[in-house]
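What follows is a short report on a single structure.
The values are calculated or read from the model by the stated rules, or taken from the named source; none is laboratory data. None of these values were measured; they are calculated from a predicted model. Reconstructed Cβ throughout: ideal geometry from the backbone, glycine too, with neighbour counts over all protein chains shown.
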Amino acid sequence: MIKGNRYSTSVLSSPDLNSLWDKPRCACLIVLERYEDLEICCSYYDSDADLGVLSNKKIVFLGFGNQGSAQAQNLRDSGIPNDQILIANRVDSYAETAKSKGFHVEHDFAKAAKVADVLFILIPDQVQPRVFNEQFSPKLKSNATIVVASGYNVFFNLLRFQPGQDVVMVAPRMIGSSVRSLHEKGRGFPCFVSVEQNGTGKGLDAALALSRAIGATKQGAIASSVREETVMDLFAEQALWPNIIMMFREAFNVLKDAGCSDEALCYEMWMSKEPAEIFERAADDGFVAQLKHHSTVSQYGQLSGSLKLEGGAMREHFKDILYNQILSGKFCEAFSQIEDDLDEEGDTNPLNELYKRSEEMELVKAEKRVRARLAGLL
Ligand code: NAI
């Protein structure tokens with residue numbers, strides 16, 4: 001472990017979040033203070049984790065979807081006996097998949113909760129509060145370890161834990177299929193780890209053992225917190241990517257008005273997969289260093305153009321989203337009010353309504369025309 005300048009996870013998780021909602025600036029200051037202090041990051045490796053901590057522990061996976069199936073299989077491959085693993089899943093195709101892979105499956109959540117020493121919560125975030133609070137929390141052991149793969153519900157205090165329980169985050173930065181395939185190739189994957197509630201006093205030992213068991217400490221699991229994970233996730237989703245989508249939409253409109261064809265624009269902007277390649281190069285070579293793969297005209301245009309843009313208005317817009325939409329709890333509150341509607345079919349589902357409105361974008365209409373003309377060739 002490389003010891004860093006980072007606050008301990010117990011300090012990070014200690015403020016009463018409900019009181020921070022009344023003082024959004026205060027919540028922000030806590031987040032930003034930490035970032036300024038972060039010179040060396042703290043990562044945990046296989047050698048920091050003792051799998052022995054898990055011996056004779058019953059490990060229950062609630063959910064066998066993207067993450068559940070990958071993490072349960074990795075954990076079993078790491079030597080945790082199959083009899084120690086239980087998949088808690090409602091009756092559906094995911095449960096059938098778990099059975100076909102030789103796992104023990106329990107459909108009765110109360111029964112699964114009673115036996116769990118460790119509970120991985122790996123069902124969609126929006127259903128976790130209802131399923132966990134109603135069907136697991138009342139039956140769970142008072143010293144159980146609860147593992148989340150995303151910080152959202154813990155950060156916003158939506159899950160009810162008992163004080164003696166450990167609450168840890170082991171959050172892969174990868175889709176489930178990659179969590180599985182990288183482990184099968186003997187490689188690790190990036191992951192955030194934290195202890196949010198140290199009820200037993202041994203929460204970090206459990207978090208590291210579980211991280212190692214699912215293959216997350218092989219290339220270094222990064223010490224983080226639900227606050228950091230949630231802020232970065234929601235910021236990307238609500239600030240960065242909406243602006244990227246808007247910029248593509250407006251760039252498309254301007255170039256279309258200037259006479260560029262649908263085909264040329266769609267391929268130039270994304271269908272050639274050039275942007276995906278650029279991001280891959282950025283990950284391998286460096287965010288700016290990847291520019292060296294471009295032509296001299298391109299390098300000059302991109303560097304001089306971006307350095308000319310001061311970014312002040314965008315910075316203010318980003319801060320507004322971070323402080324007044326994310327950290328204030330406003331988004332969480334608004335999303336809680338519509339999340340039940342997300343299961344509905346048709347126009348009453350708010351997500352369907354947003355997709356319908358997005359179809360009005362010229363970029364989307366043009367892409368449809370191009371794909372229709374290319375039918376059978378793509
Ligand atoms: P998923 O959508 O693949 O979950 C499917 C599972 O949830 C199935 O086992 C299904 O039976 C169960 N399920 C769905 N609705 C249910 C309900 N109403 N009641 C009971 N069970 C229900 O979930 P995914 O994507 O694996 O996400 C799980 C957690 O992992 C989330 O916290 C997510 O944020 C986190 N995560 C997901 C990543 C991904 O690759 N999708 C990446 C990193 C973290």
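Of all the residues in segment 164-197, those that are crowded, with 19+ Cβ neighbours inside 10 Å and either farther than 22 Å from residue 65 by Cβ or outside the structural domain of residue 150 (by TED's automatic domain parsing) (or both) number 6.
Restricting 68, 102 to residues that are outside any strand (DSSP E or B), of a type in the set (Gly, Ala, Ser) and more than 26 Å from the chain's Cα centre (by Cα) narrows the list to 102.
Restricted to segment 128-153, and to residues there that are buried (at least 16 other Cβ atoms within 10 Å of the Cβ) and more than 15 Å from residue 196 (Cβ to Cβ), the residue that is farthest from the ligand (Cβ to nearest atom) is 141. Consider segment 47-78 and keep the residues that are of a type in the set (D, E, K, R) and either in contact with a Leu (Cβ under 7 Å, 6 or more places away or on another chain) or more than 16 Å from residue 179 (Cβ to Cβ) (or both). The one that is farthest from the ligand (Cβ to nearest atom) is 50.
Look through segment 92-122, keep the residues that are within 14 Å of the ligand (Cβ to nearest atom) and touching a Lys or Arg at 6+ places or on another chain (Cβ under 6 Å), and return whichever of them is farthest from residue 209 (Cα to Cα). Top of the filtered list is 110.
At least 1 residues being hydroxyl-bearing (Ser, Thr, Tyr) is the threshold, and among the helices (runs of 4 or more DSSP H) wholly inside segment 213-288 those reaching it are 226-235. From the list 161, 156, the one residue that fits, being away from the ligand (no atom under 12 Å from the Cβ) and under 26 Å from residue 111 (Cα atoms), is 161. Taken residue by residue, segment 294-308 has no member that is under 28 Å from residue 254 (Cα atoms) and in contact with a Phe, Trp or Tyr (Cβ under 8 Å, 6 or more places away or on another chain). Contact annotation: residue pairs with Cβ atoms under 8 Å, 6 or more positions apart or on different chains, pairing a residue in segment 274-291 that is in contact (Cβ under 8 Å) with a residue 12 or more places away in the chain with a partner that is of a type in the set (Asp, Glu), are 290/284. When residue 41 is tested against (1) modelled with pLDDT of 50 or more; (2) over 17 Å from residue 205 (Cβ atoms); (3) under 21 Å from the mean Cα position of the chain (by Cα); (4) surrounded by 21 or more Cβ atoms within 10 Å (Cβ to Cβ), only condition (4) is not met. Of all residue pairs spaced 6 or more apart or on separate chains, none has beta-carbon atoms under 9 Å together with a first member in segment 292-306 that is on the phi > 0 side of the Ramachandran plot and a second member that is of a type in the set (Phe, Trp, Tyr).
Residue 250 satisfies every condition listed in (1) touching a residue at least 12 places away in the same chain (Cβ under 8 Å); (2) among the acidic types (Asp, Glu); (3) under 18 Å from residue 367 (Cβ atoms) except (1). The set of residues in segment 79-91 being within 16 Å of the ligand (Cβ to nearest atom) and either farther than 27 Å from residue 223 by Cβ or not assigned by TED's automatic domain parsing to the domain that holds residue 191 (or both) consists of 86, 87, 88, 89, 90, 91.
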